[in-house]
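For reference, the structure is listed below as structure tokens.
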């Protein structure tokens, strides 16, 4: 992955941070690697293990740990339930530069920036 990133710096890569399912602190290892190389300053970091968990508590805790570790990262939240995203926003663990992707009620895939949510756009949960 690092070789490919260096070959084409024009591409706005989404770097996957893959922790273990339902182990929030496992997100730290990939974040440590990306921040040590300064990649978090150029690319969005996807919290990839969130789409497999069913627990809002695990999702929120993973986001909290990631934000605490890297305050300047722009995170992408993969497939988390909107109830968990809303809780993470309430705790100020997500910010305007972050983004998310989820399945809506009619199974359409929705992608938006967290800043759009925080401006008062109402989503039916």
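Quick notes
- Restricting attention to region 34-76, the residues that are modelled with pLDDT of 90 or more and not in a helix (DSSP H, G or I) add up to 16.
- For region 28-45, the set of residues classified as more than 18 Å from residue 97 (Cβ to Cβ), surrounded by 15 or more Cβ atoms within 10 Å (Cβ to Cβ) and in contact (Cβ under 8 Å) with a residue 24 or more places away in the chain consists of 28 only.
- Pick from region 16-26, criterion outside any loop (DSSP other than H, G, I, E, B) and in contact (Cβ under 8 Å) with a residue 40 or more places away in the chain, ranking: farthest from residue 59 (Cα to Cα): 17
- When region 77-98 is filtered for residues that are assigned to a helix (DSSP H, G or I), in contact (Cβ under 8 Å) with a residue 12 or more places away in the chain, out of contact with any helix residue (DSSP H, G or I) (no Cβ under 6 Å at 6 or more places or on another chain) and farther than 23 Å from residue 12 by Cβ, the ones remaining, listed by number, are 82, 86, 89.
- Some residue of region 16-23 being in contact with a strand residue (DSSP E or B) (Cβ under 9 Å, 6 or more places away or on another chain), under 15 Å from residue 68 (Cβ atoms) and surrounded by 13 or more Cβ atoms within 10 Å (Cβ to Cβ): yes
- Residue in region 5-15 that is surrounded by fewer than 19 Cβ atoms within 10 Å (Cβ to Cβ) and touching a residue at least 40 places away in the same chain (Cβ under 8 Å) present: yes
- Just one of (1) surrounded by fewer than 17 Cβ atoms within 10 Å (Cβ to Cβ); (2) in contact with a helix residue (DSSP H, G or I) (Cβ under 6 Å, 6 or more places away or on another chain) fails for residue 57. It is (2).
The values are calculated or read from the model by the stated rules, or taken from the named source; none is laboratory data. Quick caveat, the model's predicted, so the values are computed rather than measured. Cβ: placed from backbone, ideal geometry, glycine included. Neighbour counts: every protein chain shown.
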